[in-house]
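**Student:** Here you go, one structure.
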Amino acid sequence: MLRPLRPLGFAVTLCLAAAPAFAVDIAPHRALYTLTLASSKSSSGVLGAKGAMVYEWGETCDGWTVQQRFRLRLEYAEQDNMDVSSTLVTWESKDGLRYRFNERRLRNGELDEEIKGEAKLGGKDKGGSAEFIKPDAATLALPEGALFPTAHTVLLIERAQAGDNFVARKVFDGATVENAGQITAVIGPELKPGPGTADEKLPKSPLLNRPSWRVRLAFFPAESKQEQPDYELGMRLLDNGVSQDMTLDYTDYTIRAKLDEIEALPRPGC
C-alpha cells in the first residue's frame, strides 16, 4: 500500500518551555513540494506520478504541531489511474513524552482509512502507551526507548552534528494501528548550503542557508524480523529541521518531492 511522505516530526517527523532540551534550533516553517515519479521498474506497471505536498511545522509554547496535506495521482500501464491523498495533524510535547495524531487517507475520493488517538511515555527511555479512538478503540503498550517523530528528528540532527553515520530507534507515529516500528538511518557527511545538483533551483530563503546531511531512512514494521524494509525515505535534512528535498522509495518505483516554496512561521511569544 502506498504510504504518504511522512516528515519525521520532517518533524522528520523536531525547547522545553522553560529551557530547550536539545541543542537543536528547529525553525517553524511552511513548505510546498511538487511530487513526481523519479524512477520505476517495468514490473511495477507505474508509468507516471504527479502531485503536491504542503507541510507546516509549527511551534506552540508547550509543543510542536505538524499539518501535512498530500495528494498524488499514479498512472498505470494496464489498470486505471489511482488518486491518493491524506491529511495529517499531530501535536508533540517539547519534552517528547506526549503525542496526539489524526490522519485521514483517501483513495480515488473514498475514505480508505482514518486513524486518531494519543500516546504518552513514562519518561526518557521509558515505555508508555498509545490509545486509538479510530478506526476502533484499542490500546498498545509502547516499548522502552520508543520515540515520537519530532524527538526522533531532533535525535537525527544531534547525531549528525556529532559526526555519527548510523542511528536505529523504535519510533511511534500513529500512521497505522501498530506498535512502534524500527527506523534505521544512514547519515552522510555534512554538506554546505546550496543546491544538491547543478540544475536544482531552490527558493530564496534564509531557512535554506544552513548546514545539512543526506539521510536515508529505512522503515521496518513492528515486531518484524524481515530483512527488507517496507519502504525507504531519502532526504537532505538541514540542521533547523527543514527538508530541502525528499525521495520515497517503494522498491518498484520512487517518488521525488521537490521543494518549490518555503516560508518561516512565527514563534510563540511565551
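What follows draws every value from the coordinates through simple rules; no lab data is involved. Keep in mind that this is a model prediction, so the values were computed, not measured. Positions of Cβ are backbone-derived with ideal geometry, glycine not excepted, and every protein chain shown enters the neighbour counts.
**Student:** Which of the peptides 145-153, 211-219, 103-111, 188-196 is most tightly packed, and how do the rest follow, going by the mean number of other Cβ atoms within 10 Å of each residue?
**Tutor:** Values: 145-153: 26.7, 211-219: 20.0, 103-111: 13.9, 188-196: 12.2.
Final packing ranking: 145-153, 211-219, 103-111, 188-196.
**Student:** Next question, about the same structure. Which residues' amide hydrogens lie under 5 Å from the amide hydrogen of GLY48, considering only partners 5 or more residues apart or on another chain, with H built in the peptide plane?
**Tutor:** Amide H neighbours of GLY48: GLU75.
**Student:** Could you name the lysines in cross-link range of LYS201, using Cα to Cα under 30 Å and dropping any fewer than eight places away on the same chain?
**Tutor:** Within reach: LYS41, LYS50, LYS192, LYS258.
**Student:** List the aspartates and glutamates whose Cα lies under 12 Å from the Cα of LYS124, skipping any in the same chain that are fewer than 8 positions away.
**Tutor:** ASP95, GLU144
**Student:** Mind checking the full-extension length gain between LYS126 and ARG30? Use 0.36 nm per residue of separation minus the Cα-Cα distance, one decimal, nm.
**Tutor:** Details: separation 96, 0.36 × 96 = 34.56 nm, distance 3.23 nm.
This chain segment gains 31.3 nm when fully extended.
**Student:** Where a Cα-Cα gap under 15 Å defines reach, which aspartates and glutamates qualify for LYS134, not counting those fewer than 8 residues away within the same chain?
**Tutor:** Once the sequence-local aspartates and glutamates are set aside, what remains near LYS134 is GLU103, ASP112, GLU113, GLU114, GLU118, ASP173, GLU178.
**Student:** Mind listing the phi-derived Karplus ³J(HN,Hα) values for region 47-56, rounded to whole Hz, using 6.51, -1.76 and 1.60 with θ = phi - 60°, and x for any glycine or proline?
**Tutor:** Once rounded to whole Hz, the list reads 9, x, 7, 7, x, 7, 9, 10, 10, 10.
**Student:** Karplus couplings for region 111-116 from phi (6.51 cos²θ - 1.76 cosθ + 1.60, θ = phi - 60°), rounded to Hz, Gly and Pro as x?
**Tutor:** Values, residue by residue: 4, 9, 6, 10, 10, 9 Hz.
**Student:** OK, next. Could you give me the ³J(HN,Hα) list for region 248-255, computed from phi with Karplus coefficients 6.51, -1.76, 1.60 and θ = phi - 60°, whole Hz, x at Gly and Pro?
**Tutor:** Residue by residue, region 248-255 yields 10, 9, 9, 6, 7, 7, 10, 9 Hz.
**Student:** Please report, in debye to the nearest 20, how large the charge dipole of region 29-264 is about its Cα centre when each Lys and Arg carries +1 at its beta carbon and each Asp and Glu carries -1 there. Write down the numbers at each step before the final one.
**Tutor:** Numbers: 30 positive and 37 negative charges, 106 e Å.
Here the size comes out at about 500 debye.
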